[in-house]
Amino acid sequence: MTADAERADLTGGDDGAGGAERAFVLGLDGVPWDLLSEWAADGDLPNVARLIEEGAAGPLESTTPATTPLAWPSIATGVGPDKHGIYGWRDLSPSYSHRMYTANDVAGPFLWDVLSPAVVGNVPMTYPARSIDGAMVAGLMTPDLEDEGFTAPDSLAAEIRSEIPDYEIGLYWEDYEGDTPEFRADLQSLVENRRRLMHHLLEREPWRLFFFVYTAPDRLQHLVWDEAVLLEHYRYLDEIVGEAIAAAEANDATLYVVSDHGFGPVETTVAPNRALADAGFLTGREGSGGRGALERFGVTRERVLGALDRVGVDQQTLLSHLPRSVVDSVAERIPGNNVLYDVDFEQTQAFAHGPGNVYINDTERFESGVVAPADVPDVRAAVADVLSGITDPATGEPVLEVLDGDGAFPADDASPDIAIEGRDGYEVVNSWQDTDVLSEAGRMAAGHRMDGIVLAWGPSIRAGATPEDASVYDLAPTLLHDLGEPVPDRVDGRVLTELFEPGSEPATAPVETAAYAADGTEASVAEDMGAVEDRLKGLGYME
């Protein structure tokens with residue numbers, strides 16, 4: 001069957017009376033509703049303005065905390081972190097060791113598990129790419145283009161290297177001295193190659209779901225918060241939105257344009273671990289130990305790995321010739337740049353880890369826990385008081401939103417004990433040594449905010465509709481219901497029925513639910529995820 005014939009077969013001909021037959025999700029990482037709607041109203045973004053006029057549009061509330069590894073899985077599954085299982089970039093083990101989260105850790109079902117054929121491109125937290133009915137190109141967590149988890153099918157990787165030889169997974173902030181011409185050129189090259197990939201995937205094979213994400217706006221905004229510069233970039237994104245409109249129209253698809261969170265300027269960083277240390281809840285190791293001595297002599301993880309690399313020995317080679325336990329034992333004695341390396345957990349009651357997660361160091365959860373289970377509620381309340389009491393001396397106002405973990409993540413007994421989010425203008429960091437609780441933001445120009453975007457446009461979408469208190473959990477159930485599919489019975493979101501044209505099938509049909517398997521996958525993952533950690537540090541996401 002030809003590609004055109006397959007398309008006709010998928011759409012069922014030209015009769016769209018029941019609504020769209022397909023869905024196109026265009027992700028624009030970090031795009032805030034306030035900027036987008038303002039520039040669309042001013043006439044600067046004609047394609048976005050068309051979607052707002054002819055379809056539905058409004059803010060989309062993110063996860064708590066509002067960050068990429070939590071929010072994109074929630075958009076693609078309709079469930080919160082306590083159900084999909086991702087609380088940051090790295091998992092925290094009972095022994096306080098760290099392992100990078102991958103797609104294998106995410107509990108679905110994803111939209112592409114329900115809808116087929118599907119094409120998935122550059123969506124964060126999809127590494128390693130796994131075999132689906134369609135095609136997948138993994139995004140941010142991918143170590144490199146040669147990794148076997150980069151694409152599924154495997155042959156797609158060779159196509160990309162041939163068709164788009166300059167394709168990159170991402171770029172590093174630390175390589176640039178601020179908003180330099182080199183940074184602008186490299187960012188533009190990054191997004192142009194993403195655009196080429198999108199077109200390659202659109203033309204490669206038929207699809208019922210097309211889900212593609214551009215992460216460039218997030219990268220730009222963290223380093224540059226100059227509205228003239230941002231508007232230039234958004235005009236380029238508006239061209240991509242126009243291409244998505246054309247693709248949706250040609251394929252009888254509802255188009256959804258979404259972001260995982262919003263953005264806004266940052267003036268101050270907040271170090272909760274420093275506050276916990278000052279209050280006596282977190283204690284550092286004595287510097288006279290082996291790690292401290294090595295550090296005084298300039299022995300660090302980076303220098304050791306650099307020396308090994310110069311003689312042709314990388315981390316993968318070490319792991320293939322030595323037991324993992326031996327490598328880990330040596331690694332624990334070499335000073336590194338993880339902010340919790342020098343915490344004395346046997347003297348610590350609470351600590352912050354990852355983007356906004358605070359843990360009570362209890363004896364049931366952690367190997368060196370010191371807080372008895374019966375005492376956890378009291379310690380948690382005391383820690384919450386410390387964090388809630390961090391105020392800006394200039395205003396006297398609290399700088400953090402502090403949430404009880406059981407309330408924020410009710411479905412997971414192993415969730416963080418407390419979730420924190422910086423108020424507008426304040427960015428949470430985990431550093432605690434040689435820093436104050438509040439510091440100037442430095443090179444970070446802007447940070448995440450709660451309100452991203454959702455725009456919907458298609459046969460069943462009502463012109464001028466506004467979503468009511470929409471969140472990242474609502475996209476998946478709304479999209480599935482629009483296509484006449486049952487909604488997974490475990491979703492946390494709701495079908496945004498207010499977006500649909502009165503009298504249309506999605507507006508009148510009852511929402512059906514069904515049980516789907518929710519297990520994560522078991523695709524092969526690179527032994528050495530150091531390149532991924534370096535990339536995330538370069539993006540300001542890890543310390």
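Judged by the mean number of other Cβ atoms found within 10 Å, the most tightly packed of the peptides 345-352, 494-501, 463-470 leads the ranking 345-352, 494-501, 463-470. Close amide H partners of Met136, meaning residues 5 or more places away or on another chain with modelled amide H under 5 Å apart, are Val120, Ala152.
Could you give the length gained by full extension between Asp392 and Glu163, i.e. 0.36 nm per residue of separation minus their alpha carbon distance, to one decimal place? If you can, show how the numbers build up before the last one.
Numbers: separation 229, 0.36 × 229 = 82.44 nm, distance 5.18 nm.
That pair, Asp392 and Glu163, stretches by 77.3 nm at full extension.
Take the Cα of Ala279, step 7 Å toward its Cβ, do the same at Val511, and the gap between the two points is 3.7 nm.
Starting with the highest mean, order 426-438, 225-237 by the number of other Cβ atoms within 10 Å, averaged over the residues of each peptide. Present the calculation step by step, with values, prior to reporting the outcome.
On the way: 426-438: 17.7, 225-237: 16.0.
The most tightly packed comes first, giving 426-438, 225-237.
Placing a pseudo-label 7 Å from each Cα along the Cα-to-Cβ vector at Ala228 and Glu38 gives an inter-label distance of 1.6 nm.
Bear in mind that the values in this text are calculations on the coordinates, not laboratory data. Fair warning: this is a prediction, and the values are worked out from it, not measured in the lab. When we count neighbours, we look across all protein chains shown, and the Cβ atoms used for this are built from the backbone with ideal geometry, even at glycine.
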